[in-house]
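Student: Here you go, one structure.
Each reported figure results from applying straightforward, stated rules to the coordinates on display, with no laboratory input. Keep in mind that what you see is a predicted model, and the values were worked out from it rather than measured. Glycine gets a Cβ as well: all are built from the backbone with ideal geometry, and neighbour counts include every protein chain shown.
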Amino acid sequence: PAQQQAYPAQQQAYPAQQQAYPAQQQAYPAQQPQQPQQPAAVQPQPQRAPAPEPAHAAAQQADARARDARAIEASSYRANDVRENIEVNIGATTESNFYVGFSGEIAEGGVFAATYNIFPRGTAMLVHVTLPGGFDQIVRGSIRFVRDPMDLDAVDATPGMGIQFEGLDPQARELILRFIRKRAPMFYDE
């Protein structure tokens, strides 16, 4: 009974609400009466990871700078190391090949690039070596010897340049060793 009395009171309040919004009733005549709106719920925003503490971020940046400096130092003797780029494709029958000296160690040897585009001895190089099977490696080196295309004494010699490896990493060394088991490297000694 108490609920029945409250219900008619709500019906009386509702027509007054309809009179307060006549334009809305005309625009949407079939619309059911609206219930009192509750405050809109706040949509949760995606949470971002907290920013690192300033001291921690500074330490990370210092570590990154130190790693970069060590990499530059390990790869060259100069901070302003400028290198020429060359791509050397080595296959079963190409004129380009790896070379070794008396030690037979590939890390002390390098790659012979058969080319007519010759750079002077001592030029710092960045060599992209591609091997059969889609294997490739980028190595640093410098030109150790040159076979000049204009040298008339070297009739059978292919023109090109021998690029000695500098700091050959273990992964590159292993890849090269697998290749030279199938194709013997050239021999070069000064």
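Student: If you scan segment 95-136, which residues turn out to be farther than 12 Å from Tyr188 by Cα, of a type in the set (Ser, Thr, Tyr) and surrounded by 14 or more Cβ atoms within 10 Å (Cβ to Cβ)?
Tutor: Within segment 95-136, Ser96, Thr115, Thr123, Thr130 qualify.
Student: Of the conditions (1) among the polar types (S, T, N, Q); (2) under 21 Å from Arg121 (Cα atoms); (3) free of Cβ contacts under 8 Å to residues at least 60 places away in the same chain, Thr158 fails just one. Which one is it?
Tutor: Against the list (1) among the polar types (S, T, N, Q); (2) under 21 Å from Arg121 (Cα atoms); (3) free of Cβ contacts under 8 Å to residues at least 60 places away in the same chain, Thr158 comes up short only on (3).
Student: Mind listing whichever residues of segment 129-143 are among the aliphatic types (A, V, I, L, M) and in contact with a Gly (Cβ under 7 Å, 6 or more places away or on another chain)?
Tutor: The initial filter retains those residues of segment 129-143 that are among the aliphatic types (A, V, I, L, M), namely 129, 131, 138-139, 143.
Of everything in segment 129-143, just one residue is among the aliphatic types (A, V, I, L, M) and in contact with a Gly (Cβ under 7 Å, 6 or more places away or on another chain), namely Ile143.
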